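The values are calculated or read from the model by the stated rules, or taken from the named source; none is laboratory data. Everything quoted here is computed from the prediction, not taken from an experiment. Neighbour counts are summed over all protein chains in view; Cβ atoms, including those assigned to glycine, are modelled from backbone coordinates with ideal geometry. Quick note on the areas: whole protein, heavy atoms, side chains included, nothing else; ligands and nucleic acids left out. Shrake-Rupley method; radii C 1.70, N 1.55, O 1.52, S 1.80 Å.
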Amino acid sequence: FWLKYVAVSARLCPKCCKRAVLCHFLRSFWTALAAAAVAAAAAAAALPAAASAAEFAASLAAFPDIFAANYLHSSKFIQVVEEFMTRAERQSFAQSPTATEFRRRWKTQVYFSLRQKEAVKVLQAVAAKPLQPVGSVEQCAKAVGGDFWLEASAELVRVLHTIWSDRWYLEVLYPKMVQLSLELVAKYGKLVGSVADAPDTPGAGWDASSASASWATTSLPVRLSRVAADILQIISALTESSAPEGPVGSLSRLVVGRLPSEAAAGARSGLGRRPDELVRALLDEAVAELRPVVQRLEACILRSAAAAATPQFAAIRGIPALYRMLSKPVPTQASPYVESAMRPILALRQATAAAPADTVARWACQAADTAALEFSVQASQLLESTKLQEASLKRLGGRSTGGGDTQVSDLDKIHIQLCLDAEAFSNSAAALGARPEGGNGLAKLAEVVVLVRPAYEAHHFPPAQAAS
């Protein structure tokens, strides 16, 4: 009624009369407020004399949504009134004792304290449960802005959206709401980071005996990749994005979009750093705290893959016996252990499919490179041991050729076999996107076998040619 009264009166009256209309309205409004205050005081007289701020907090705790709605309505009402004032009048009104007392009586700090406890309690309730990802995509916990494997991730997004909704948010509490949001993100990071610290046996869950060797749904790579996928989605939502909508940058847009108009006006004056830049910098710091958690999860995933793959390279030590004891012919194909070593790495892509495709590809490359490093160590030890054995055989007058093939020595066959194995492994790793560069595992493997490649190039024949 009062808003309609001001608007209609302002349109019908001449410009010179608008000031008088406004003054008459304000006098009537404050008179009405004073009458309401008298009525409230009369009602309060019937209450015990011990009425205090604690009792007010108790009543506020019972109806926080009503408190927020009333505060929002009053704020909008004052904004409409201020539109009819000059800049000097607005400043005078904002600094007046009446306005100051009016704002103080809202006790917004008590309201924020209650909302803070409520938000933290939600996350603590999730933390009290076993932090286990669900078994399938269909069971993902639904939340605003995306699908998550963990209930904690879904609850975090729900709470953040609630904090910045009209049901909770008060403009006067913007800095504290930002602080609360960052606090919740930090608590979430510690909660999901505990998964990486949980004791488990690396490599457990890899079933190589089945027809289609794969990682079990309870294995570390499957479970931790789903946790990492959730964190990466949260990071994406907190990161600034130029897109007007979508999951990328959704939380960042939500927080920055609530920036008070006064702060935005201050930014245009060119004084200091822009408020929106400060808020984004704070969000970037929150993201920086989450990234090490993802790195720890990645390390656990890669250790588990390496634990399943690297034991296969122990078969390298049996290569000399094939040619010195069994007199096998010149090899034409890679040893079976190469495929056995690559199977858990290839299966890792399917096991970690919950994570973004580029992240899964990077994990597979790193797993292959880690296995290549172990391969290079075993290959180097093999070459060193065979070199010593060959020297001992020569001193004892032993032969160095094998089987009926007198043109290729046993040592050359060992070298050819090792080169075939290294080449097959490197080709499989290259199919995953891994390349020898710098001092990585694939580069070290290439350095080891390059010393024996002359024998491989001189005596190796393709399988078809060898058969003929």
Region 274-401 - percent relative contact order, Cα under 8 Å, separation 6 or more: 29
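Gain in length, ARG317 to ALA94, computed as 0.36 nm per residue apart minus the alpha-carbon separation, to one decimal in nm? Present the calculation step by step, with values, prior to reporting the outcome.
On the way: separation 223, 0.36 × 223 = 80.28 nm, distance 8.41 nm.
Extra length available between ARG317 and ALA94 comes to 71.9 nm.
Keeping every protein chain present and rolling a 1.4 Å probe, give me the accessible area per residue for region 335-388 in Å².
Value returned for region 335-388: 43 Å² of accessible area per residue.
Which order, highest average first, do 178-188, 411-421, 340-350, 164-174 follow once you tally other Cβ atoms within 10 Å for each residue and take the mean per peptide?
Details: 178-188: 19.1, 411-421: 24.1, 340-350: 21.3, 164-174: 16.5.
Result, highest mean Cβ count within 10 Å first: 411-421, 340-350, 178-188, 164-174.
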Out-of-range pairs (alpha-carbon distance over 27 Å; input LYS76/LYS176; LYS76/LYS187; LYS121/LYS176; LYS117/LYS190): LYS76/LYS187
14 Å Cα-Cα reach of LYS129 towards aspartates and glutamates, excluding residues that sit fewer than 8 places from it in its own chain: GLU151, GLU155
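Once fully extended, how much extra length lies between VAL120 and ASP276, figured as 0.36 nm per residue of separation less the alpha-carbon to alpha-carbon distance?
Details: separation 156, 0.36 × 156 = 56.16 nm, distance 2.55 nm.
Contour length minus Cα-Cα distance gives 53.6 nm.
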Label-point separation, LYS176 to SER209 (7 Å along Cα→Cβ), nm: 6.1
Cα-centre dipole for region 269-340 with unit charges at Cβ (Lys and Arg positive, Asp and Glu negative), debye to 20: 480
Karplus-derived 3J(HN,Hα), 6.51/-1.76/1.60, for each residue of region 155-165, Hz, glycine and proline x: 5, 4, 5, 4, 5, 5, 5, 5, 4, 9, 7
Ranked order, LYS76, LYS444, LYS121 - accessible area, probe 1.4 Å, largest first: LYS121, LYS76, LYS444
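Normalise the Cα radius of gyration of region 183-259 by 2.2 N^0.38 Å (N = residues in it) and let me know the number.
For region 183-259, the normalised Cα radius of gyration is 1.53.
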Packing rank of 363-375, 306-318, where each peptide gets the mean count of other beta carbons within 10 Å, highest leading: 363-375, 306-318
